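Since every read-out is calculated from the coordinates, none of them should be taken as a lab result. Since the structure is predicted, the reported quantities are computational estimates derived from the model, not experimental observations. Quick reminder, even Gly has a Cβ in these numbers, built from the backbone with ideal geometry, and neighbours come from all protein chains shown.
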Amino acid sequence: MKDLLKLKTSISEEIENILNAQVKVEAHSSSLYLAMSAWCDDQGLDNAAAFFAKQSDEERAHMLKIFNYISARGGRAISPEVTNVPVDFESFRGVFEQTLEQEMFVTEQFNKIADKCMKAKDFVTFNFIQWFLEEQVEEEYVARRILELFDVIGEDGTGRWEIDRHLVKVTFDGE
């Protein structure tokens, strides 16, 4: 029976496993950003709350894109369990520092997937992963630029409010 099942899949078990692991990473990122959104909302940082709500939605979309890809290739996509999502954060700046760290971790994971795809000669999945790698350039860029607002504006006095007001203007033009 297992041999028969292998005929209907065009993805190796190793690649399927690493993609399912990435589904879990994306689900955790989505939950983390939703928690950050709630924390920012509680702090009265409306733009940051909206920013993180949008980030949460994007991460969920990334999760589903990978989940659906696994299924489309005949693999078994696994709905992930998400645990260890914090609800409190140290500081406004700390939320964005954690965001940059998370995005750098995600980039590292996609690089590992790309490497495994090349070694396995799975060029279809390697090609699929390229979109995510390009997306990570934007994600890291935006997090870095927002962190620069903390250095330029500072958090004293009305600084937090100014940062919250300006962070929506941070965009990436990758051209």
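With +1 on each Lys and Arg Cβ and -1 on each Asp and Glu Cβ, how big is the dipole of the chain about its Cα centre, in debye rounded to the nearest 20? Could you put the intermediate results ahead of the total?
Values: 19 positive and 33 negative charges, 230 e Å.
Using only the charged Cβ atoms, the result is roughly 1100 debye.
Tell me the net charge near GLY159. Cut-off is 15 Å between Cβ atoms, GLY159 excluded, with +1 for each Lys or Arg and -1 for each Asp or Glu.
Computed value for this residue: -3.
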Rounded to whole Hz and in sequence order, give me ³J(HN,Hα) for the range 151-164 from the Karplus expression 6.51 cos²θ - 1.76 cosθ + 1.60, θ = phi - 60°, writing x for Gly and Pro. 6, 6, 8, x, 9, 5, x, 8, x, 4, 5, 5, 4, 4
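Highest first, please rank the peptides 71-77, 20-26 by the mean number of other Cβ atoms sitting within 10 Å of their residues.
Values: 71-77: 15.9, 20-26: 19.4.
Ranking the peptides 71-77, 20-26 by packing returns 20-26, 71-77.
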Calculate log10 I(q)/I(0) of the chain for q = 0.17 Å⁻¹, where I(q) comes from the Debye formula with a single equal point scatterer on each Cα and nothing for solvent. -1.02
Residue by residue through the range 85-100, which ³J(HN,Hα) values in whole Hz follow from phi under the Karplus form 6.51 cos²θ - 1.76 cosθ + 1.60 (θ = phi - 60°), with glycine and proline marked x? 9, x, 10, 10, 10, 5, 7, 4, 4, x, 4, 6, 5, 5, 4, 4
Sort out for me the Cα centre separation of the range 37-86 from the range 101-159, rounded to whole Å. 15
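Evaluate the range 82-146: find the radius of gyration of its Cα atoms, find its Kirkwood radius, and give the ratio Rg to Rh. It would help to have the intermediate numbers written out before the result.
Working: Rg = 14.7 Å, Rh = 13.3 Å.
Over the Cα atoms of the range 82-146, Rg/Rh equals 1.10.
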Pull out a ≥ b ≥ c, the square roots of the eigenvalues of the alpha-carbon gyration tensor of the range 22-114, then state rounded if a/c is under 1.5, prolate if not and a/b is larger than b/c, and oblate in the remaining case. prolate
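If R₀ is 35 angstrom, what is the calculated FRET efficiency for the pair ASP115 and THR83, using the beta carbon separation as r and rounding to 0.05?
Numbers: r = 27 Å, r/R0 = 0.78.
With a Förster radius of 35 Å, E is 0.80.
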Applying the Karplus parametrisation 6.51 cos²θ - 1.76 cosθ + 1.60 with θ = phi - 60° to the phi angles of the range 26-42, what ³J(HN,Hα) value in whole Hz is obtained for each residue in order, glycine and proline being reported as x? 5, 5, 5, 4, 4, 5, 4, 5, 5, 5, 5, 4, 4, 5, 4, 4, 5
Helix-only [θ]222 nm of the chain, DSSP H runs n ≥ 4, -39500 (n - 2.57) each, per residue, nearest 500: -26000 deg cm²/dmol
Return the subset of LYS54/LYS116; LYS112/LYS169; LYS116/LYS169; LYS54/LYS119; LYS65/LYS116 for which the Cα-Cα distance in this structure is over 26 Å, preserving the input order. LYS54/LYS116; LYS112/LYS169; LYS116/LYS169; LYS54/LYS119
